[in-house]
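Enquirer: Structure below; questions to follow.
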Amino acid sequence: MVSSIKKQAKITISGIVQGVGFRPFVYNLATELGVGGYVLNNPQGVLIVAETDQNTLEEFIQAIRQNKPRNAKIDSFKVESDEKLVGYTSFEIRDSVNMGGKCAILPADTSICPDCLREMHDPKDRRYLYPFINCTNCGPRYTIIKELPYDRPKTSMAAFEMCPECQKEYNDPASRRFHAEPNSCPHCGPKLTLYRSNGTPLAEGAKAIETLCKLIKKGHIVAVKGIGGFHLVCDATKNRVVMELRERKKRPTKPFAVMFRSVFEIGKCTELSPIEEATILSPERPIVLISKRRPHRLEKFLISCDGVAPKVGTMGVFLPYSPLHSLLMEQAKIPLVFTSANLSGEPLIRDSKELCEKLSCVFDYYLDHDREILNPCDDSVVTIQNNKFQVIRRARGYAPSNVLLPFELEEGVLALGAQQKSTLALAFGSNAILSPHIGDLDNPSSESYFHQTREVLQGIYEFIPKVIVSDKHPDYESTRWALKQKDSQVLQVQHHYAHMLSLLSEHKVKEKILGVIWDGTGYGDDGRIWGGEFFLGDFHGYERVGHFKEFRLLGGESAIKEPKKLALSLMFDLYGKEALNLKHPVVNSFSHDELETLYKMYQKGINSPLSSSVGRLFDAMAAMIGVVDRVTFEGECGMVLEGLYNPDFEAERYPYLLQEGVVDIHPMLLAILEEGEEASLVATKFINTLAHIALEVARIHRLPVGFSGGVFQNRELCTKIERLFQNEGLPYYMHEKIPCNDGGIALGQVAFAKFHGKV
Ligand code: ZN
Ligand code: ZN
Ligand code: FE
């Protein structure tokens, strides 16, 4: 019988295969099928040596591929067969080997799994209502790790000695907790304590959660330590409380995320689609931006929509992702605001000392625990655009896991990203490890967090870069740091080309494309501020074949906060000094003297740099129609215009001129100023016009089109573009797993190093 002849296979699997329960999964499968051999973690990932007959071997391999643990991600799966047999009589899990050169991929933190959730609710289980329950399939990873390989002594769980029962599970290959590094129980694991804001303890353990819920329901604002840092939490159903939080946090309009108990409740407040529902329920448990329910369909008792997300059309919603959050939500029984605890613009706060130093006037009570957060990590934010997933902020659940590159690097590359929505990337072989979202590098805390993240990741991967890539902008913190590095080749890449390279890398596109790169600002090759660009190019280079006609950012940096200055600048473009006599709210909002000064600045170009930015056009438009007076968070104008989009006017748009690649929107501005249409019609027509501009330029070049840059976070714009391009049969690419905003820049910089550096 041919099938009874035994064979040996050596299976090497790489990707996210450590810290996700791969070895016990393989062990159980092998034992079940009667396969002999062993499995171990090595620096490349997981190695399996299996001996059995041909049929069983095939079955075994197929089952590994098909039934892999829920958080595992296989990048490569290599099977080598060998006729020589050792004669294994059983299957075992062997100790990890450390052979230097770290290639295994650090896993990201994942939400509580269904098995743990069930145990947590079983009164007979020894972990009944235990807020730190986890297993090989779920729990914290990146946030508690110091070094690779991922083993308990190298995590912040090293401070907790396992009790005999936990140790037994940890050692038992058949247990769900075999080598679950954060394994613990109420006897041996981390503990919860509730404190007043002045640091006086109030309650512990289960009592702490119970008391906290009562306090929240009474209208108190509290801080809660979670997986990657602290959140500020309050009752989302009471407008008064939400407003109080806004007041204390000095955050007048930026939307707050809301945590719900169930998708059923989310469906009562939002226009939830099946794909959005699946994304909310995915193990990564991101914050998903979903269209709010139209007012007449909203069950008003459920949430203070105007409080949590004023003026915008979407609301960020998510489900509990840690056991602690689950317990909290179950007892609170109401939707809760869950917003990152930080000072505006600063990174997430991860310990109670810093919390009390910086935010003690914001919260009344805080729930702390003694499992140290070594690496802070924000919640991820995603949207579904036209039934497609798009990540806006790539953090918990997605990062720092790797992105597979469409090329091989012979040397290590460190990419530093940009200034806003900073992320950085370490790249080696065909992997780019993209850090979680760091934030805007315009304050000392964020800068030190940036360097800390860099050092942690470099340390974990024992990584010394041969090439360092930064943005071309001379004033970015990351550029300045890069230029000081003497041991590596230092490269700089134009901001919008990096956006395009990021898109090419994400979709593994090797052909030439037309890049439509629209965003806020980026340093152009001519030293001007770019942001409304059309590039022809590929990995090897690009040519700027078009752009939006430049206009003056009147008042420089201050125009970003006061978009009416941008609107005024466009009025000067149209009417010259006559603009001062216009009867328009924008003009009326300035005093006579201010107008005179601004006009002089405009004329002479004082503190009024030229820019082709489409992001700034959104700002100008929002000011012109009177929907945003002061910008209090980045992207606000785009979000407000998106919220005003009315599908009833889907076919309407404005005129514009396109000459030799330069887009002139003056005809549109004239129409807006002279027709005086209502805000939602203007917003809709403006967005439709932008989509048509992209289409017209695409028709000229007849190449696949790639869209990148922060402007494409706009769901209505993307939806409109997709419709137009699909109707026309034009191929196009949009970002999905990599942010279209500056959070994706680091990946593009890695590609730049490959094709323009010595790697
Ligand atoms: Zn679990
Ligand atoms: Zn224990
Ligand atoms: Fe950008």
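The values are calculated or read from the model by the stated rules, or taken from the named source; none is laboratory data. As the structure is a computational prediction, the values presented were derived from the model and not from experiment. As a convention, Cβ positions derive from the backbone with ideal geometry for all residues, glycine included, and neighbour counts pool all protein chains shown. Please note that ligands, DNA and RNA were not included when accessible areas were found on the heavy atoms of the full protein model with its side chains. Shrake-Rupley method; radii C 1.70, N 1.55, O 1.52, S 1.80 Å.
Enquirer: Please determine whether any residue of region 157-171 is assigned to a loop (DSSP other than H, G, I, E, B), more than 10 Å from ligand 2 (Cβ to nearest atom) and in contact with a helix residue (DSSP H, G or I) (Cβ under 7 Å, 6 or more places away or on another chain).
Expert: Checking region 157-171: not a single residue is assigned to a loop (DSSP other than H, G, I, E, B), more than 10 Å from ligand 2 (Cβ to nearest atom) and in contact with a helix residue (DSSP H, G or I) (Cβ under 7 Å, 6 or more places away or on another chain).
Enquirer: Being within 13 Å of ligand 1 (Cβ to nearest atom), among the polar types (S, T, N, Q), within 29 Å of the chain's Cα centre (by Cα) and at pLDDT 90 or above, is that true of even one residue in region 123-134?
Expert: Yes, region 123-134 contains a residue that is within 13 Å of ligand 1 (Cβ to nearest atom), among the polar types (S, T, N, Q), within 29 Å of the chain's Cα centre (by Cα) and at pLDDT 90 or above.
Enquirer: Does Lys583 count as surrounded by fewer than 14 Cβ atoms within 10 Å (Cβ to Cβ), in a helix (DSSP H, G or I) and either of a type outside the set (S, T, N, Q) or touching a Lys or Arg at 6+ places or on another chain (Cβ under 9 Å) (or both)?
Expert: Answer is no for this residue.
Enquirer: Could you list, in sequence order, the residues of region 597-640 that are part of a loop (DSSP other than H, G, I, E, B) and open to solvent by less than 10 Å² (accessible area, probe 1.4 Å)? Break it down stepwise before answering.
Expert: Filtering region 597-640 for residues part of a loop (DSSP other than H, G, I, E, B) gives 605-609, 612-613, 625-635.
Result: Ser608, Ser612, Ser613, Val628.
Enquirer: Moving on. Scan the strands (runs of 3 or more DSSP E) fully inside region 380-477 and keep the ones with 1 or more residues being modelled with pLDDT under 95 and under 20 Å from the mean Cα position of the chain (by Cα).
Expert: Strands (runs of 3 or more DSSP E) meeting the threshold: 381-385, 388-393, 402-415, 425-434.
Enquirer: Is it true that Cys185 is assigned to a loop (DSSP other than H, G, I, E, B), more than 28 Å from the chain's Cα centre (by Cα), over 22 Å from Arg285 (Cα atoms) and away from ligand 3 (no atom under 16 Å from the Cβ)?
Expert: yes
Enquirer: Sticking with this one: Name every residue in region 641-655 that is among the aliphatic types (A, V, I, L, M) and either surrounded by 13 or more Cβ atoms within 10 Å (Cβ to Cβ) or in a helix (DSSP H, G or I) (or both), in order of residue number.
Expert: Within region 641-655, the first condition is being among the aliphatic types (A, V, I, L, M), and the residues that meet it are 641, 644, 651.
Hits for region 641-655 are Leu641, Leu644.
Enquirer: Starting from region 577-597, keep only residues that are closer than 12 Å to Lys565 by Cα, then list their pairs with residues that are surrounded by fewer than 12 Cβ atoms within 10 Å (Cβ to Cβ) whose Cβ atoms are within a distance under 9 Å, requiring at least 6 positions of separation or different chains.
Expert: Val587/Asn581
Enquirer: I've got another one for you. Tell me which of these Gly397 doesn't satisfy, since it passes every other one: (1) over 20 Å from His451 (Cα atoms); (2) more than 16 Å from ligand 1 (Cβ to nearest atom).
Expert: The number of the failed condition is (2).
Enquirer: Same structure, new question: Can you tell me how many residues within region 712-738 are touching a Ser or Thr at 6+ places or on another chain (Cβ under 8 Å) and assigned to a loop (DSSP other than H, G, I, E, B)?
Expert: Matching residues across region 712-738 total 2.
Enquirer: Report every pair of residues separated by at least 6 positions or lying on different chains whose Cβ atoms are under 8 Å apart, first residue within region 520-546 and under 27 Å from Gly635 (Cα atoms) and among the basic types (Lys, Arg), second in a strand (DSSP E or B) and within 16 Å of ligand 3 (Cβ to nearest atom).
Expert: Once the first residue is under 27 Å from Gly635 (Cα atoms) and among the basic types (Lys, Arg) and sits in region 520-546, its partners that are in a strand (DSSP E or B) and within 16 Å of ligand 3 (Cβ to nearest atom) give Arg528/Ser611; Arg544/Glu533; Arg544/Phe534; Arg544/Phe535.
Enquirer: I'd like the full set of residues that are modelled with pLDDT of 90 or more and farther than 15 Å from Arg246 by Cα, limited to region 294-320.
Expert: Those that are modelled with pLDDT of 90 or more and farther than 15 Å from Arg246 by Cα: Val312, Gly313, Thr314, Met315, Gly316, Val317, Phe318, Leu319, Pro320.
Enquirer: Please verify whether region 656-664 includes one or more residues that are open to solvent by 50 Å² or more (accessible area, probe 1.4 Å), part of a helix (DSSP H, G or I) and not polar (S, T, N, Q).
Expert: Scanning region 656-664, I find no residue that is open to solvent by 50 Å² or more (accessible area, probe 1.4 Å), part of a helix (DSSP H, G or I) and not polar (S, T, N, Q), so the answer is no.
Enquirer: A further question on this structure: Which number in (1) surrounded by fewer than 21 Cβ atoms within 10 Å (Cβ to Cβ); (2) touching a residue at least 40 places away in the same chain (Cβ under 8 Å); (3) within 27 Å of Gly417 (Cα to Cα) marks the one condition that Val516 misses?
Expert: (1)
Enquirer: Inspect all residues belonging to region 280-295 and state whether any of them is of a type in the set (A, V, I, L, M, F, W, C), farther than 23 Å from Ser680 by Cβ, open to solvent by 40 Å² or more (accessible area, probe 1.4 Å) and part of a helix (DSSP H, G or I).
Expert: Scanning region 280-295, I find at least one residue that is of a type in the set (A, V, I, L, M, F, W, C), farther than 23 Å from Ser680 by Cβ, open to solvent by 40 Å² or more (accessible area, probe 1.4 Å) and part of a helix (DSSP H, G or I), so the answer is yes.
Enquirer: Now, a different point. Just to be sure before I move on: is Tyr542 within 25 Å of Met621 (Cβ to Cβ), within 16 Å of ligand 3 (Cβ to nearest atom) and surrounded by fewer than 24 Cβ atoms within 10 Å (Cβ to Cβ) in the structure I sent?
Expert: When the stated conditions are applied, Tyr542 does not pass them.
Enquirer: Yes or no: region 111-125 includes at least one residue that is within 30 Å of Glu51 (Cβ to Cβ), surrounded by fewer than 23 Cβ atoms within 10 Å (Cβ to Cβ) and either more than 16 Å from ligand 2 (Cβ to nearest atom) or of a type in the set (D, E, K, R) (or both).
Expert: No; the residues of region 111-125 include none that is within 30 Å of Glu51 (Cβ to Cβ), surrounded by fewer than 23 Cβ atoms within 10 Å (Cβ to Cβ) and either more than 16 Å from ligand 2 (Cβ to nearest atom) or of a type in the set (D, E, K, R) (or both).
Enquirer: How do the pairs read when you match residues in region 266-291 that are farther than 24 Å from Cys138 by Cβ with residues anywhere that are acidic (Asp, Glu) and outside any loop (DSSP other than H, G, I, E, B), using Cβ under 7 Å and keeping only pairs 6 or more apart or on different chains?
Expert: Ile290/Glu276
Enquirer: When region 222-241 is examined, which residues are found to be touching a strand residue (DSSP E or B) at 6+ places or on another chain (Cβ under 6 Å), outside any strand (DSSP E or B) and either acidic (Asp, Glu) or crowded, with 24+ Cβ neighbours inside 10 Å (or both)?
Expert: Ala236
Enquirer: So, in region 519-539, of the ones that are in a loop (DSSP other than H, G, I, E, B) and either within 18 Å of Ile665 (Cα to Cα) or touching a Leu at 6+ places or on another chain (Cβ under 7 Å) (or both), which residue ends up least open to solvent (accessible area, probe 1.4 Å)?
Expert: Phe539
Enquirer: Could I ask something else about it? Within region 145-170, how many residues are more than 16 Å from ligand 1 (Cβ to nearest atom), buried (at least 17 other Cβ atoms within 10 Å of the Cβ) and of a type in the set (Asp, Glu)?
Expert: 1
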